[in-house]
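So the structure is just underneath, and the comments pick up after that.
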Amino acid sequence: MLSVRPKVAELAFQVFSRSLHPELYTIHRSRRIERTRYEARIDITNCGHVITWNGGGVTICEVATSAHQPLPKRRCLLAKSLKGSRTERAQCRDGVEYRTNFQLESVEPDLFWMVQQQLGEGPTEGLLHTFDASGRMALGALSYVNVETRQNSMLVQAIHTFPDDYAIVKVESVFSLPAEKSAA
C-alpha cells in the first residue's frame with residue numbers, strides 16, 4: 001500500500017470528546033497503553049496521528065490529519081488548521097485536563113535532512129514509520145511518536161516530517177487526571 005503524505009498546507013488539528021472509528025483513517029503503526037486509571041491508543045496514520053485517551057469517564061481524541069479527511073462534526077472540542085504555533089487547553093468534567101502545543105515549522109533543506117536522518121536512525125523507543133517517497137524527493141516522510149506515562153497523566157510527543165515542503169510538525173500533548181484523594 002502506498003503511504004505518501006498530503007501537502008503541508010492541507011493539515012488540520014482536531015480534538016474530540018469521543019472516539020473515532022478507525023475506518024476513517026489508514027493506520028501504519030499502533031500502540032496501546034493501559035494504566036490503572038486510564039488507557040490510550042496511539043496510531044500513526046497516513047496524514048499524522050490519532051490519539052484516543054480514556055480516563056475518569058472522559059474520552060479525548062486528538063487527530064493531526066488532512067483538512068480534507070472526512071471527520072464527524074459532533075463533539076468536536078477544537079478544530080484548527082495546522083499552521084504556525086498554538087497552545088490549547090480543555091478542562092473536562094471531574095478535573096480531567098487536556099493541554100497541547102503544536103507547531104508547523106518550515107526549515108532550510110540542510111536542517112530538514114539533519115532532523116530526518118536523526119529521526120530515522122535515532123529513536124529506539126516509541127513508534128516510528130517511514131513513508132514512501134512522493135516521487136519528487138528520494139526519501140519519504142517520517143512520523144515518530146514518543147509516549148511517557150505517569151500514574152495520573154500521559155505525555156505524547158509527535159514529530160511528522162514533510163519532505164516536499166521542508167516542513168516539520170511538532171505536537172506535544174498532556175492528558176491528565178486529578179490526583180486521587182487519599183482516604184482519611
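Okay, here's what the table says:
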| item | result |
| --- | --- |
| The chain: relative contact order as a whole-number percent, Cα under 8 Å and 6+ apart | 22 |
| Unit Cα scatterers, Debye sum, segment 36-141: log10 I(q)/I(0) for q = 0.16 Å⁻¹ | -0.96 |
| Approximate spin-label separation Trp113-Arg150, in nm, with each point projected 7 Å along Cα-to-Cβ | 4.0 |
| The chain - charge dipole about Cα centre, Lys and Arg +1 at Cβ, Asp and Glu -1, debye rounded to 20 | 780 |
| Of Gln116, Ser85, Leu71, farthest towards positive along the dipole that unit charges on Lys, Arg, Asp, Glu beta carbons give segment 8-176 | Leu71 |
| Highest average packing first - 78-90, 54-66, Cβ atoms within 10 Å | 54-66, 78-90 |
| Directionally averaged shadow of the chain, computed from the convex hull of its alpha-carbon atoms, nm² | 11.0 |
| Lysine pairs meeting the criterion (Cα under 27 Å, 8 or more apart or interchain), as found in the chain | 8 |
| Highest-fluctuation residue, Val145, Val174, Val50 considered, GNM on the chain with Cα pairs under 10 Å | Val174 |
| Cα-based helix-to-principal-axis angle, 109-121 vs the chain, degrees rounded to 10 | 60 |
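Where a number appears in this text, it was derived from the coordinates with a stated rule and is not lab data. Note that this is a predicted model, so its numbers are computed, not measured. For neighbour counting, all protein chains shown are included, and Cβ atoms are generated from backbone atoms with ideal geometry for every residue, glycine included.
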